[in-house]
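Notes to accompany the following structure.
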Amino acid sequence: MNKVSFSNKFIVLWLGLIFASFVSPLFASDEVWSKPNSALIRKGEKNIRKIPLILIHGIHGTEICEERIVNKDEGEMNYDEKKDYWKEFKRKFRSTENSNLREKYELYIFQYCSDLKPVFPTISNELGNLIDENIADRQPVILAHSMGGLVAKAYMVYYRHSGKWQGKSGGDTTLGLITLATLHHGTPGATDFAILEPHTMLGWENTVQKAQKVYWSKHAKGKPCDIENDSTCPNRSDLRWDNFDNSFDKKLYLNDDNKWLILANQRLTSFYDKIIAYGGFLRPGKWSRRKAIRESLPEKLRDSNTSNAELLEIANDILVSGFNRRFGDTDGLVPFKSALLCTTNQIKVKPGSHAFCDSPVRVRRFEPGTEGEVANKELPYQTLSITRNAERGYDHEDMYNCLDVLNWVMLDLLKSFNRNTQPALPPPIEISKIPTLFLFDVSGSMNENGKINQARDAGLDALREMREADGNSSAVSIMSFSGDSCGGNVVRNLLPFTNGFGQAENVMRSLPSPSGGTPLPQAKDAAAAEMQRFLAANANVKEGGIVLLSDGQSTCGAIRPAGVYSRRDDLRVSRSDSKIKFFTIGLDVPAGSVAERDLQFLASETGGKYFPANDRRQLIRAFQKQVRRFAPRSCNASNADFSGGLRAFADSDYNAALESFQKYAAANPNDSCGVYNLALAFEANDRYKTAAETYRQYLNLTPTSPDRAKIEQKIAQLGQDYTDQFDYFIKLIQSDTDYLKRYYQSIFNRSNADLAQEFNGFVIEKGGFYKALPEILETNERWLVNDAKDISSSIDTLARRTRLQSFDRDAVSLLTVPIAEIEDLLERLRNYQTNNIR
Amino acid sequence: MKKKSLLICLISLVCFLTPNSIFPQQMVGIPIKKQEAFVLEFKPPFDRLTVDLGDNSFTTNETTVFSISPQAVFLNNKNKPLDRTLIRPGMRVIISGNRIGEQLTASSVKVDNDVEKWKVVVNGYFESLEGDKAWIDGQSVKLLPGVTVRGTGDWKKNTFASFNDMQLGSYVEIDGIRQTDGITCATKAETKPNTFSDGDRKLFTAVQQNLVIPENLAGGKGKVWGREVKFSDNLELQTYVTKVGNRLIPRYQKDLPNDYPGKIVYRFFVIEDDSFNAFALPDGSIFIHTGLLKQLKNEAQLAAVLGHEIAHAGYEHSRKKIEDPTGKWLALAAVIAGAATKTKEGATIGTMTALGILNSYERAAEDQADRVGLYYMMQAGYDPREAPKVWREHSKKTQEAALNNLIYSNHSTAQQRLRNLNRVIAFNYYETDFSQTKNGEKEYMNTVGVYFGWIPKPVVPPVRNNTPSPSVTIPKPKPTPKPTPKKPRVKKRP
């Protein structure tokens, strides 16, 4: 075993392999399933009442792959547990004090080969297949160390189930994931030295390069491994730094950022609530030690007496000093901010301090410097967890085999993940139209200015509208939410789904009297669950709409994840096939405020719409628009465009409907029926002004139309909508300048990098908004077109030229450009509003 | 009778203007022989000729008025008699006459160029198009029928039948005849693309990344070319300067896509410094001192300063200056680029070179920046006649010695700038109706005036619906004398 050369030893240094001579016997009740590059082992008897807990080791955590290479003829992978990676975990798991944990979980161990290139598509696919074939009856919890966390992540975001969970992603069916020192953003230790070099501190180049060479030459026995061409070289490219924080100069880093990891992390946002990330770091060595490392690294490495712990300390010093803290603290292999899945570059962790980077998931931090916390009481996430080793801190190996960490893992396993207990499905109702659930905010502020009465009136109006359109073929449910806490019974189901509209009106007339706070996320989840159950019980309806009215900011955390201003397109696609759409209404919610952004986010994420309302009339109108059904006329259904438009209307795909009828009307400008449907399509897309003009055109084509009076009324209504909308957009644009100005001021107040992330999201979204402004305002005035172009261009310039580290420098003047332009635009818009709209 | 009354009028004017004490000794005229002059104004009834006599003459006044003696002769460049109504601003004339005290009389005015075919040269960027009239180098140009624009450089194979076929922002060289309406008719025209070389890119990168502003601006302290400066943290002031500057940027520049390599991203920085100064870097960074803002009177004057600097950056004057036919300057740019990354020696060389880039523009470049800057002003709706006032005021306040600060020391002196602006206005905007232009005094006072405490901050009615988002802290406003506006009502959740 110890015949291995220093090079093998160094693997330990870089990626935390453990050497164990202990071979655990395979128990009779264990079961093993193999795939070409991996294996899944169940420990003990199967028990379907328990949650499967799958352990996934880090890089080179098993020797099965080496054996497979030797015995190629066997064809199938051998199970072995020679290394017994999870020895400490199992010891803890089996100890008497954890009997309740054994009651809850059934233990599985997943083993895989680490050196495939690329490794994650193959391994995550095999893991998924193993799960589908063998444990798809219960949702598993995954506990993974280091690279194992990336295996789990790849499985969650890329794998699509077959079989019982057909079509769902791995993340959908995963109950929870605990990652221990996982390189969520990769590690610079796996980045090509040519890329690292320009960022290396003077005098450290040699050290860094040597350390890298030694590690990555495992199979070449001490010689550099030709990673490009030699297939036996270990994998590293999948593990390299993703540069999420621009700690490398973007220009120098060019195309070497870790694309698969970046994409995986983007997709992971859907599963943030399932993840607990553990991370630790070592206190860097004294200057004298670091100097010694710089000067005499090779000797230290060749010395087989050097312990793993010491090697990790050396690696930590190389990563910290060799790059001038560019990656912050590390556990010897993985930067702390990578392990914690931070979203900003600034990790403000100092030993003993509680300052902390911004992570979207729950985290447990293990740091040097704080005395004596013990893992026997519940600590909230995100705060400092524990310190065993006040002087040294925690290294990469400690993160899966030291008791301090494992105690917390046990605690989290016990408390955090629970099997979903599904309540019984409601009785089915004979309906064919989309069911609607009304979800009312009845927090205390709804008492002000009679807002609750406005909500009631608007709700009643919406019910009438629905009854007229759908009759009894649609179902409705009413829920309300308010409360001073954020859990328990903050959501009330006032009316289970019914097609009895009379009953619904009665409930609507007696909404609960407002009090308490606004537990918006809880309300959202409860309503979605209720809708989900209804859809499950009524197979003939495929989607449902939730009309959500709120008048203020959530008191129980935001819905929009931190740092996310808008979703990029690729993410929206995966979500907008959502079967449950949220149609949100903000009553008296300030334009551009956090509360409004939450509502907008919820609507855009699910494919619904958001409307603001400031008074009774606007509220009634907002409800009408949210529950509105569009009934196009079907006079020329033999035409392809026409029938396509009708179909799109039936599918509520109003964008496609508009496109079809635009084509049709262009070819048949005098077909009043087509023009009517075109007007309807404009209306459905909230292009009020154009809709009104098109209805007018329809009336000109059919001067004796019997519905003339009704359409005249509609035109007036649309005119009012347009005026209201114009007013709203002026407020929204005003809020943008306010936002930008606050940013500008804060540049001079403090270092701004932690805000820069969110800011970048803002500019990306707003760039698109301003570009589309003439279309949104339905005005092609030359000044507006130019202003819109200029603003989106200057916002784009900001996004291009501001980098996280040097945000202050880059943004100080560029920020004033959109501010100045938007101020000019506002002045012109207000003039235009005065002269042309009111 | 008429002449007599005019004479009386003139004499009384002279009496009014001239101190009585010197009047008696100056009765005998001093002859003026062949004085070169630049015509600024000559209008009906053609009895007063306003000119600029340039640097080397008996007077240092920016403008000089000659009265035309009844017997005065007007000649063309072939010494043939000339109809005086053909004389236009911008023409070079040679004047003979005499001087009695401050009273100047011209007896002979000879136009130095071909009046019937007034040949001019226009070189610059093709900035905009109105019908068939192109604006180039701050002047309007039309193609004579039959004249086409020949491509050179990368466009060697192309010929353009009209300006309409050409790309805005391309470089154009025109030989033409200037018409009485001020439009130049091109007899020969060439164009080449506005290229962006690798060296330019290196220079841009060097300027942008390494030498301008520190990464962390806390407190606003930074360094520009090794000089400590304090960036103003006053949002209103900074935004205002950006706003005015932004309106001056030519449309074609704004319309370039953001990933176009040669796109100049203009950035305006206000520096808290009492000296009278403004300067531009080749990457489009433009700096203006509060000391300069303090001496301006209105927005049009600010536009004049910024327009001039925008023109410098846009016309690549600093790039041209360090351009070297042997390509040596590429190495120079590399040195600058290396300056901030590692070696200390590099930094020093870089800084020195950079100062060189900034310091001096050729006289011709200054004149061009004036021409183009005035054009930008006009385009943005400002009154260009405000531009010379900046320098008139400044030269009145300080003598030239006081101008020896970093940047403007090697510019044309205030006097030269003043004269040049006068000439450009006379030459290009003689028949322009200025009634549609503005000077923006009110706007200037409401921001810059408030900043300096000249006037109290105007009360802005509170706008509802501006509840600040809680994610960003609002810093304390700079203490300026102002009545506190009412706070917007903030909705409170129970």
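The values are calculated or read from the model by the stated rules, or taken from the named source; none is laboratory data. Please read all numbers here as calculations on a predicted model, not as lab measurements. Neighbour counts are summed over all protein chains in view; Cβ atoms, including those assigned to glycine, are modelled from backbone coordinates with ideal geometry.
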Those residues of the range A:655-667 which are touching a residue at least 24 places away in the same chain (Cβ under 8 Å) and of a type in the set (S, T, N, Q), in sequence order: A:Asn655
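Results for (1) farther than 17 Å from A:Val817 by Cα; (2) at pLDDT below 85, shown as yes or no for each residue.
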| position | (1), (2) |
| --- | --- |
| B:Leu248 | no, no |
| B:Asp259 | yes, yes |
| B:Lys263 | no, yes |
| B:Phe269 | no, no |
| B:Ser275 | yes, yes |
| B:Gly284 | no, yes |
| B:Ile288 | no, no |
Cβ-Cβ under 6 Å pairs, at least 6 apart or on other chains, the range B:436-448 side assigned by TED's automatic domain parsing to the domain that holds B:Arg247 and touching a residue at least 12 places away in the same chain (Cβ under 8 Å), far side part of a loop (DSSP other than H, G, I, E, B) and charged (D, E, K, R): B:Thr437/B:Asp383; B:Asn439/B:Asp383
The range A:540-559 - residue that is over 22 Å from the mean Cα position of the chain (by Cα) and outside any strand (DSSP E or B) and, of those, farthest from A:Ser485 (Cα to Cα): A:Asn540
Qualifying positions in the range A:807-838 - charged (D, E, K, R) and at pLDDT 85 or above: A:Glu821, A:Glu823, A:Asp824, A:Glu827, A:Arg828, A:Arg830
Index of the failed condition, B:His312 passing every other in (1) closer than 16 Å to B:Leu237 by Cα; (2) buried (at least 21 other Cβ atoms within 10 Å of the Cβ): (1)
Answer from B:Leu75, B:Leu82, B:Leu53 - the residue that is in contact with an Asp or Glu (Cβ under 9 Å, 6 or more places away or on another chain), free of Cβ contacts under 8 Å to residues at least 40 places away in the same chain and of a type in the set (A, V, I, L, M, F, W, C): B:Leu53
Hits in the range A:577-634 - residues which are within 14 Å of chain B (Cβ to nearest Cβ) and touching an Asp or Glu at 6+ places or on another chain (Cβ under 9 Å): A:Gly586, A:Leu587, A:Asp588, A:Val589, A:Pro590, A:Gly592, A:Ala595, A:Pro612, A:Ala613, A:Asn614, A:Asp615, A:Gln618
Residues of the range A:442-484 classified as within 19 Å of A:Ser515 (Cα to Cα), surrounded by fewer than 17 Cβ atoms within 10 Å (Cβ to Cβ) and either away from every other protein chain (no Cβ under 14 Å) or of a type in the set (A, V, I, L, M, F, W, C) (or both), total: 3
Residue ID - farthest from the other protein chains (Cβ to nearest Cβ), chosen from residues in the range B:247-274 that are free of Cβ contacts under 8 Å to residues at least 60 places away in the same chain, among the aliphatic types (A, V, I, L, M) and part of a loop (DSSP other than H, G, I, E, B): B:Ile264
Residues located in the range A:154-172, provided they are out of contact with any Leu (no Cβ under 6 Å at 6 or more places or on another chain), in contact (Cβ under 8 Å) with a residue 60 or more places away in the chain and surrounded by 20 or more Cβ atoms within 10 Å (Cβ to Cβ): A:Ala154, A:Met156, A:Gly171
Test set (1) at pLDDT 70 or above; (2) at the interface with chain A (Cβ under 10 Å from one of its Cβ atoms); (3) buried (at least 18 other Cβ atoms within 10 Å of the Cβ) - B:Gln208 fails condition number: (1)
Residues of the range B:252-308 classified as among the aromatic types (Phe, Trp, Tyr), surrounded by fewer than 21 Cβ atoms within 10 Å (Cβ to Cβ) and in contact with a Gly (Cβ under 9 Å, 6 or more places away or on another chain), total: 1
Conditions (1) assigned to a loop (DSSP other than H, G, I, E, B); (2) of a type in the set (Lys, Arg); (3) outside the structural domain of B:Phe58 (by TED's automatic domain parsing): number failed by B:Lys142: (1)
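From A:Arg616, A:Arg629, A:Arg621, A:Arg633, grab the single residue that is touching a residue at least 40 places away in the same chain (Cβ under 8 Å), in contact with a helix residue (DSSP H, G or I) (Cβ under 8 Å, 6 or more places away or on another chain) and farther than 19 Å from A:Asp721 by Cβ. Outline the logic, then answer.
On the way: A:Arg616 fails: farther than 19 Å from A:Asp721 by Cβ; A:Arg629 fails: farther than 19 Å from A:Asp721 by Cβ; A:Arg621 fails: farther than 19 Å from A:Asp721 by Cβ.
Unique residue meeting the criteria: A:Arg633.
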Criterion violated by A:Asp132 - all others in (1) assigned to a helix (DSSP H, G or I); (2) in contact (Cβ under 8 Å) with a residue 40 or more places away in the chain satisfied: (2)
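So is A:Arg509 farther than 20 Å from A:Gly483 by Cα, modelled with pLDDT of 85 or more, surrounded by fewer than 19 Cβ atoms within 10 Å (Cβ to Cβ) and of a type outside the set (Asp, Glu) or not?
Details: farther than 20 Å from A:Gly483 by Cα: yes; modelled with pLDDT of 85 or more: yes; surrounded by fewer than 19 Cβ atoms within 10 Å (Cβ to Cβ): yes; of a type outside the set (Asp, Glu): yes.
Spelling it out, A:Arg509 is indeed farther than 20 Å from A:Gly483 by Cα, modelled with pLDDT of 85 or more, surrounded by fewer than 19 Cβ atoms within 10 Å (Cβ to Cβ) and of a type outside the set (Asp, Glu).
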